[in-house]
Amino acid sequence: MATKDLQNISELESRKVAEASREAEWAQPSFLREMFLGNFRLDLIYPFPFQEEERPEFTAFYQTLKEFLRDQVDPIEIDATGEYPADVVDGLRKLGAFGMKIPKKYGGLGFTNVEYQKVMQLFGSIDGNLSALLSAHQSIGVPQPLKLFGTEALKKKYLPRCAAGDISAFALTEMQVGSDPARLQTDAVKTPEGDYILNGEKLWCTNGTLAKLLVVMARDPKSKKISAFVVEVDWPGVKIEHRCHFMGLRALANAVISFKDVRVPAENLIGQEGKGLKIALTTLNDGRLSIPNGSVGTAKICIEICRKWASERVQWGKPVGKHEAIAHKLADMAATTFAMESIANLATEMSDRGGYDIRLEAAACKEWNTCRTWEIVDETMQIRGGRGYETEKSLQARGEQPIGVERIMRDYRINKIFEGSSEIMHLFMAREAVDKHLQVAGALIDPEKPLTDKVAELPKIAAFYGSWYPTRWLGWGQWPRYQEFGDMAAHLRFVERNTRRLSRQIFHGMVVHQGKLQNKQAFLFRLVDIANELFAMAASVARVQGMRDNGYADAEKAAELADLACRNARRKVAQLFRALWSNDDVRKYKVALKVLDGQHAWLEEGIQRIDDKSLKPKVSFGVEDPAPVPKVRPVGTH
Ligand SMILES: Cc1cc2nc3c(=O)[nH]c(=O)nc-3n(C[C@H](O)[C@H](O)[C@H](O)COP(=O)(O)OP(=O)(O)OC[C@H]3O[C@@H](n4cnc5c(N)ncnc54)[C@H](O)[C@@H]3O)c2cc1C
């Protein structure tokens, strides 16, 4: 697609592309989707799904891996050199770590998602570079879409290679394609023989410089439909143009990759032609669980660091952890980590059970856990004080324990951006939150629908809302409901009441904002934040009760953390509900438009502007006509 055409892609077209790739068929309901409709389906999450006895085969792998990581892997060196040591990558290959999720019949270890995510949690506590290497390969790289959509022939051809350690990468992003796949430019032109010719360039492919195999998203220039292909890196026309370097994840083997007349055999198409985006997004539904599970590992190591430091470090007459300001941070960290683990465990278990629509739960886990973990990492740096900001090597050189909080911070930050940024996770969830209302009453607020169509829809709309809306006021969320949950019952009652309140507010938002609701991101994002808090509360309580039911030794300790997590959540939920209708959203948007327009550029006086310096790109990889930065336009009227 020519660059000029890209400028003309409207917000509506971007939405249409995203809409077309939504998965619609699921056997089992989604807990969060039901919540958006005002139904608190405790039965979907309680009894809390605990893993049955760990399989000896997995325990043996996990122990060997743990020892390997302890004895053979030095995250400080990986960070300092910016490279994966060959012996570490080979060691992981020998252990089978590149094939954890690949079924045994294709040479993998055949782990369940729960088992795989337990490993991801471990990596999350050790090194972000290694987490990314393994996760980009098997959460989103070739194994996952092939497992879900590949033909038997494709599986037989590539899965054994992937399991043996032929590293793979996932190539969706381009210069003009970040969160918006409608702007995809890589072409896949079908030949008369049925093969495809790829031309284009992909940006930021994690594992790209090490990969032998790629999943590439490309579009038919005529139909504009996007398809997914397995591409071998050593095929003629595939070129690694550049290795990208970042603030953290210094060893990431991340590349710009170009495709010049690359011939892809017809059989390397994954799934159906034109379904590439759906495949990519479905892959991410499950794949997206690695980051929140890894985040739990990161949060846990932060707690360990803070627990030790805050009890050893004495200032102003007592350990810093006993000063209330720091003590509160520690309590919140522990409570939040318990809640994070509860939602991650729940969604992972549900994905193993299959049939459940876990898109929303996975997105909630990705969004909530990455934001919470980022806060925890930030507080960890605060608690470690100057030592948090000092590098491990420097600490070590002057005789202190090398604890790399600054490395954790650099490595962690990207998690709020890639595999669906926080904003995109909110948008995705908000779309699902209003889905039923759009199905029922969408015609009424659709500006493209004629008046006659709208009038014709009225009986259907009245029939639905005539019974749905009053019942959103009617449930019972007061004592003695959920008494069997003991001291946790009040939290569940809060979730029940506020689930119905949430659904009413979604409906009120539709009535008040109508067609403009889609642009009211602040309003929609608050609804999503409320749902995420309620989800975290419900999952934490269900887990505590499950621990009690099963006689877990730590059940009462867990109850203490869940109780604090719920109390924190209740305050946030109350604030978010208030802010739905009492806010500065319109004023802020107006100010933002002026900032964008340069009307507040006067404020930038007194600095050396980036435009004053010659900050020009040094090379352009075969892109003859670099796209101009699109002129910013408002995305909607308020
Ligand atoms: C280290 C690293 C590794 C990566 N690995 C891979 C990989 O392996 N494969 C791959 O294909 N890609 C990869 N990516 C790309 C990554 O997925 C993208 O960076 C991400 O999708 C966001 O795209 P963008 O950076 O272009 O931001 P943009 O899409 O340009 O967005 C900029 C900002 O605007 C926000 N935004 C965008 N649209 C909206 C909207 N409609 N409403 C509100 N806010 C919005 C975004 O959330 C973000 O904050 C990687 C990126 C990095 C940095």
About its Cα centre, how strong a charge dipole does the chain have in debye, to the nearest 20, once Lys and Arg get +1 and Asp and Glu get -1 at the Cβ?
1300
For segment 190-205, in residue order, the Karplus 3J(HN,Hα) values (coefficients 6.51, -1.76, 1.60; θ = phi - 60°; whole Hz; Gly and Pro = x) are 7, 8, x, 7, x, 7, 10, 10, 9, 9, x, 8, 10, 10, 6, 7
THR81, THR59, THR206, reordered so the largest accessible area comes first (probe 1.4 Å):
THR81, THR59, THR206
Heavy atoms only, probe 1.4 Å: what % of the accessible area of the chain goes to carbon and sulfur, would you let me know?
55
Quick check for segment 377-507: number of Lys pairs with alpha-carbon distance under 21 Å, counting only pairs 8 or more apart or on different chains?
4
I'd like the distance between the alpha-carbon centres of segment 368-404 and segment 254-290, rounded to an integer number of Å.
37
Determine the relative contact order of the chain: mean sequence separation of Cα pairs under 8 Å and six or more apart, normalised by residue count, in whole percent.
15
Tensor-based shape of segment 394-525 (alpha-carbon gyration tensor, a/c under 1.5 rounded, otherwise prolate or oblate):
oblate
Structure-based [θ]222 nm, the chain - -39500 (n - 2.57) summed over DSSP H runs of at least 4, per residue, nearest 500
-17500 deg cm²/dmol
Among the aspartates and glutamates, select those whose C-alpha is under 17 Å from the C-alpha of LYS190, and discard any that sit fewer than 8 residues away in the same chain.
ASP220, ASP261, GLU267, GLU273
Straight-line reach only, C-alpha to C-alpha below 21 angstrom: list the lysines that LYS588 could link to, leaving out same-chain residues fewer than 8 apart.
LYS516, LYS520, LYS631
Prolate/oblate/rounded call for segment 48-96, Cα gyration tensor, a/c under 1.5 rounded:
prolate
Which of LEU252, LEU184, VAL296 sits closest to the plus end of the dipole of segment 164-298, meaning its Cα is farthest towards the positive end, when Lys and Arg get +1 and Asp and Glu get -1 on the C-beta?
VAL296
5 Å is the cut-off here: which amide hydrogens, built 1.01 Å from N in the peptide plane, fall below it relative to ASP166, excluding neighbours closer than 5 in sequence?
none
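Counting heavy atoms of the protein chains only and a 1.4 Å probe, report the per residue accessible area for the chain as a whole number of Å².
47
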By the Cα gyration tensor axes a ≥ b ≥ c (a/c under 1.5 gives rounded; else a/b larger than b/c gives prolate, otherwise oblate), the shape of the chain is rounded
Rounded to whole Å, give me the distance from the Cα center of segment 179-237 to that of segment 105-141.
25
To the nearest 10 Å², what's TYR469's accessible area with a 1.4 Å probe?
60
Residue by residue through segment 33-48, which ³J(HN,Hα) values in whole Hz follow from phi under the Karplus form 6.51 cos²θ - 1.76 cosθ + 1.60 (θ = phi - 60°), with glycine and proline marked x?
4, 4, 4, 4, 8, x, 9, 8, 8, 4, 4, 7, 10, 10, x, 5
So if I take the centroid of the Cα atoms in segment 568-592 and the same for segment 417-464, what is the distance between those two points in Å?
22
Tally of Lys pairs whose C-alpha atoms are under 27 Å apart, taken over segment 273-373, 8 or more apart or cross-chain:
12
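The values are calculated or read from the model by the stated rules, or taken from the named source; none is laboratory data. Computed from a predicted model, the values in this text were never measured in an experiment. Virtual Cβ from ideal backbone geometry, glycine too; neighbours counted across all protein chains shown. Only protein heavy atoms, including side chains, enter the accessible area calculation; ligands, DNA and RNA are left aside. Shrake-Rupley method; radii C 1.70, N 1.55, O 1.52, S 1.80 Å.
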